[in-house]
1. Along the principal axes of its C-alpha atoms, what lengths does region 32-132 span, in descending order and rounded to whole Å?
2. Which FRET efficiency value, to the nearest 0.05, is calculated for Lys583 and His190 with the Förster distance at 35 angstrom and r the Cβ-Cβ distance?
3. So what is log10(I(q)/I(0)) for the chain at q = 0.05, 0.08 1/Å, when the Debye sum runs over its Cα atoms only?
4. Relative to the longest principal axis of the C-alpha atoms of the chain, give the angle of the C-alpha long axis of helix 510-523, reported between 0 and 90° and rounded to the nearest 10°.
5. Can you give me the angle between helix 258-270 and the longest principal axis of the chain, using Cα atoms only, in degrees from 0 to 90, rounded to the nearest 10?
6. Taking loop as defined by DSSP and a crowding limit of 13 other beta carbons within 10 Å, which trypsin sites (Lys or Arg not before Pro) in region 379-462 fit?
7. Could you tell me what percent of the DSSP beta bridges with both partners in the chain are antiparallel, to the nearest 5?
8. Against the globular-protein guess of 2.2 N^0.38 Å, express the Cα radius of gyration of region 467-619 as a ratio, rounded to two decimals.
Amino acid sequence: MEYKILSTIKSPSDIKKLNDTETKELCAEIREKLIEVVSVNGGHLASNLGIVELTVMLHKCFNCPKDSIVWDVGHQSYVHKMLTGRYDLIDTIRQKDGLAGFPKRSESKYDAFNAGHSSTSISAAYGIAKAKQLKGEQSYTIAVIGDGSMTGGLAYEGLNNAGRFKKNFIVILNDNKMSISNNVGAVAKHLSHMRIQPAYIRIKRRTEKLLSHIPLFGKLFKKVLKRSKSKLKNLIYKNTLFDVLGYTYLGPVDGHDMDELNNALTLAKKITNEPVLVHVVTRKGKGYEPAESHPKEFHGIGKFDIDTGEPLSSHKGFSAVFASELCKLAEKDKKIVAITAAMTLGTGLSEFSKKFKNRFFDVGIAEEHAITFACGLATKGIIPFFAVYSTFLQRGFDQLIHDAAIQNLHIILAVDRAGIVGDDGETHQGTFDVSMLNTIPNTTIFSPCYFSELRHSLNAAAYMCKGLVSVRYPRGGELYMPDDYTEPSIDFNLYGDENADITLITYGRLFSFACKAKEALASDGININILKLCRIKPIDPKAVELAARSSKIFFFEESLVAGGIGESFGYELKKTGKNFFYKIHGIKDRFVRHETVLQALSELELDDKGMIKIIKENI
Ligand SMILES: Cc1ncc(C[n+]2csc(CCOP(=O)(O)OP(=O)(O)O)c2C)c(N)n1
């Protein structure tokens, strides 16, 4: 499709040359292009559709990269990428060697800060603004944060700290009433109250205009009005949360009305005696009917049919199995509750949220709080399941140690998207949870490979374990299971010839690749067995005994080597006093870029071909 105006935008300065009609046309073209690209590559559609006018006007009113825009989460930065010299590459977004789906400083000078996790923008922008001040640089720093991301504690740490900063510091609150699902909590309620108020900046302008028509007295009133700016504002809002924190509040502004946006941003630039918060109201999914009516589903979506909005593939994954098993447990046991940090849909908890309303808690994008909240529940005998993506669990490391493990409180983490996640890339890989959890005393970790193992692990986590228990499972569904694989166990299995002298140890979905590797090696005359762990911590001494029968042992894990299970297992093997060849192969001290899961596993030599290569090289 031809994009007459969009294709001419090589940098933000080109937007400034457009008249109003052309700017509107540009917005329409951006929407068309967003739908076209995301329908093919998958990605974050609804948030980008909602922020088109705001992004265009930000680039029209400010001078990037001298002025810095920090995008919170960064999932809504596709429009920004198209307008900052990357339009020609936008078709490659989220694909191997293509543009990242999130802002990346290494990708463009227009990306002021990397992101992927929520609520970091205000802190990062404040750091940037402070550095500019220290270096004597004059320019604006703007944090763009959604109302969902405003539920994260870090946002308030940033707001609080920057509240007394007087140098060209602007926070744009992009309020679409939604996180991924409907937004939750008291601040969301506060925002909804503010949303329905008449805009403060509009009222001020109108009043000023009116007064200038009244001879003599009008001028005087205008002066008084200017001085009592805050009084007028207080009349309208009493005090907003943001006023209390030291920000000049401007808004609410219609985020799809270019004139309103222009007025608000121009005014924000002029206020230099305190930081400014511009409250912009937008509609998630704007301009594409399926996304407007199903914003949750179109928040992050795979390939879909543009005409109908229907996803092109759907398969039953681990999240769905987890969720239906949790519903079964909750039906039988009133002590079971579920917690999510704004990820109801992704973790599969929608059904639970409807069936067990009183026992379902969406706490907002607040993983730290979710864990400590679960711990509080556990002190009273409740059995909380916190369903969380591996990457976002990183937020709660201290809480896992300080609140859960030291008190040995029985909480269960359902760690979704464990391992490689694919196209969301570095910020979203689930490659750290094992090392993180493995270092914590009083913990149990299960890493099932198949749905049946997941179900058993969840039951064991609830009723056979004490303390902090994690059940980790990958994105997507089951992979290969050999026909002769006997009923899976939640501890460990030895698959293959007990007397083989080569043992491959692994856990989680890598078992599927290991089985394929075993078959291929057998056809080359190399006989191996596979020690498959499901409970990876604590390590079962019987599993160590079994492995110790071989003289060549290979440990493969889809996780960091440092602090991983391979190291712990190796330590246990060493204690047997025997001499082995022992090789751990996992992710070595690096981050994994965006590409498909299979591409990444192949690159990391963690698929069957990689395993075969490593085994052959070492025997
Ligand atoms: C720490 C963390 N937890 C969860 C997520 C997953 N996540 C991505 S975007 C999003 C919702 C953000 O809502 P909002 O800031 O309002 O942006 P919108 O998509 O509505 O524009 C969530 C929960 C995340 N990125 N980071």
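Taken together, the values in this text are just the output of simple stated rules run on the coordinates, not laboratory data. Bear in mind that the values here come from a model prediction, so they are computed numbers and not experimental data. Positions of Cβ are backbone-derived with ideal geometry, glycine not excepted, and every protein chain shown enters the neighbour counts.
1. 41, 26, 22
2. Approximately 0.05, to the nearest 0.05.
3. Taken in order of the listed q values, log10 I(q)/I(0) reads -0.26, -0.63.
4. 40
5. 90
6. Lys380
7. So the antiparallel bridges amount to about 15 percent of the total.
8. Ratio of Rg to 2.2 N^0.38 Å for region 467-619: 0.99.
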